[in-house]
Each structure stands twice: as structure tokens, then as C-alpha cells.
Amino acid sequence: MEYGICTLSVIPMRAEGNERSEQVSQLLFGETYEILERAGQWVQVVTIADRYTGWIARLQVNPLDYTGYTQLQNQPTAITYQAVTRVCRLSDNTVIYLPATSSLAFMNGAVTTINQDKYELVGEISHGFTDITEAARSYLNSPYQWGGRTHFGIDCSGFTQAVYRMYNIQLQRDASQQANQGTLVNFVTEVRSGDLAFFDNAEGRITHVGLLLDQDRIIHASGQVKIDRFDSQGIYSEDLKRYTHKLRIIKRYLSA
């Protein structure tokens, strides 16, 4: 098995191996993956963290040896919490801008070393949020982007995955997958801050997810990350004056 590690701020993962194919997700700095297949200028990978499969450009692949791979699996990895964290690549003194929830692999003090390159943190680094709703609110006004995982473009499940990543809880990538995790909350009256609500389409397929701030409000990515009204029917948009998403289930991932 071959392994790789992302050393760019963001790498698009596509459904197929070509530039015109849709983006299904993104690799963020420091995240690792297995290489499944090579086809011309494209490489099919599966992420280590959430086992998500996609194609990335061959020129964006950075190999990781088995020793480095096993080391990362056996030690905790720090992550970034700010919308943008700067690191300086010491080999050429250039700056890379890392999105929130990037992984600071092989960290030693303020320097992370990946293969032969050293990356030094620039400026003060946030150490997280005191409350999960505060972490969620940090994404407010981020534009919706299919397959996105950053403050500069994010989809509904990328948003909930990122927020929970800040609390060291690994959710799966898609809403339908996340709905299979956690513990069922039977009634809206039992909702706690941080629970996730899932919504289905006319065919009964789960297609949307959001994070509940309380029993009446939800923060979710739909057009942009925003706060809407929530009740037992689903999400009600004040802007559109109608329900936009029909509630399917509510799941809990945080202990009391």
C-alpha cells in the first residue's frame, strides 16, 4: 500500500479523474490518505480519517512512507482552529495559509516536519473553543460549496464534520453517513446544544444536516452558513417564509 500526505492548504477531491468532474470533498493540510489507483495525471485516494474516496491531481500528491504513516496513527495530532493559520515553509521562506481543522502532523514545538520540509507556525495560534456552538458560529456567513470543508466554501456535512473535529470527534463525510453515527434523540423537547438534525428529500433519502443551537434554532450550510428556526417539522426560513427542509431524525454525539 502507498500512502500520501497533503502539503498544500487544500486539495480538491473529485468524483472522477478529470478537471471537469465535480468536487466531492477536499483534503486539508496534514491529512493522510492511501493511494488506490493511478490513471494518467490523476490518482484515486481514500482518506485515512473518514475513509472517503476521490481523485486528486498527480502533481498534488506528496508521498508518505509507512513509518510516517504508522507514527501518525499512534500519536495525537494537533489541528488548527482559526479560519486561517499561517505557516512558513522554511526551505524557501514562503507562507502557506491553512484552513481550520488542518492537521499539524509531526509537530515539535512550533515546527511541523513533513518529509524533508519544515513548516513553522506564524503568529499566535488559537487553542480551540469553550463551547461547540461557539465553534459552529465561527463559520457563520461562510458560502455554501459542494464538497467544501473551509470557511471559504463549505457544504452542510463538511460543516458539521469540521465543528466536531474541533472536539476530537470524527464524523463521516456525508450527511447520510453521519446519521448512522451517534445516539438517537427521540423528541425535539430533549434536544441539547450540539445535537445534529438530519433532513430527507421526497424519496426519503437524507440529504441535509445541521447543528442545533437549542430546541428552536439550527445553524447549517444552505446558501451560506446561517441560523434558522427549527421545530418538529424541520427548518423554517424567515427569508423565504416557508419550511425548506423536512426533519427526519436527531442524533447526539456529545456526552452530558
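Taking the chain as a Gaussian network of alpha-carbon nodes connected by springs under 10 Å, the highest mean-square fluctuation of the residues Tyr97, Tyr144, Tyr81 belongs to Tyr97. Applying 1/(1 + (r/R0)^6) with r as the Cβ-Cβ distance of Ser232 and Ser91 and R0 = 51 angstrom yields a FRET efficiency of 0.35. For segment 134-256, the ratio of Cα radius of gyration to the globular rule of thumb 2.2 N^0.38 Å stands at 0.94. Taking every C-alpha pair closer than 8 Å and separated by at least 6 residues, the mean separation divided by the residue count of the chain gives a relative contact order of 13 percent. Take the Cα of Asn168, step 7 Å toward its Cβ, do the same at Phe129, and the gap between the two points is 1.8 nm. The share of accessible area on segment 159-256 that comes from carbon and sulfur is 44 percent, using a 1.4 angstrom probe. Each of Gln145 and Gln116 was given a label point 7 Å from its Cα along the Cα-to-Cβ line. The distance between the two points is 3.1 nm.
Dipole magnitude for segment 113-256: computed about the Cα centre from +1 point charges on Lys and Arg Cβ and -1 point charges on Asp and Glu Cβ, it is near 300 debye.
Electrostatic bookkeeping for Val43 treats Lys and Arg as +1 and Asp and Glu as -1; over the other residues with beta carbon under 15 Å from its beta carbon, the sum is -3.
The apolar share of the surface of segment 33-144, taken as the fraction of accessible area on carbon and sulfur atoms (1.4 Å probe, ligands and nucleic acids excluded), comes to 47 percent. When only the Cβ of Lys, Arg, Asp and Glu is charged (+1, +1, -1, -1), the dipole of the chain relative to its Cα centre reaches about 260 debye. Subtracting the Cα-Cα distance of Gln75 and Asn186 from their residue separation scaled by 0.36 nm leaves 36.3 nm.
Rounded to the nearest 5, the antiparallel percentage of DSSP beta bridges internal to segment 98-232 is 95%. Excluding ligands, DNA and RNA, the accessible surface per residue across segment 102-255 is 48 Å² with a 1.4 Å probe.
For Pro99, what charge total do you get from the other residues with a beta carbon under 13 Å from its beta carbon, if Lys and Arg give +1 and Asp and Glu give -1? Counting the neighbours of Pro99, the net charge comes to +2. Model label points for Asp239 and Gln82, set 7 angstrom from Cα along the Cα-to-Cβ axis, are 2.9 nm apart. Calculated from the structure at hand, percent of Cα pairs over 35 Å apart is found among (1) 9; (2) 22; (3) 17 as (3). Rolled with a 1.4 Å probe across the full set of protein chains, the surface gives Ile219 an accessible area near 0 Å².
The values are calculated or read from the model by the stated rules, or taken from the named source; none is laboratory data. Note that the structure is predicted; figures quoted are calculated from it, not measured. Cβ: placed from backbone, ideal geometry, glycine included. Neighbour counts: every protein chain shown. SASA here: full protein model, heavy atoms, side chains in, ligands and nucleic acids out. Shrake-Rupley method; radii C 1.70, N 1.55, O 1.52, S 1.80 Å.
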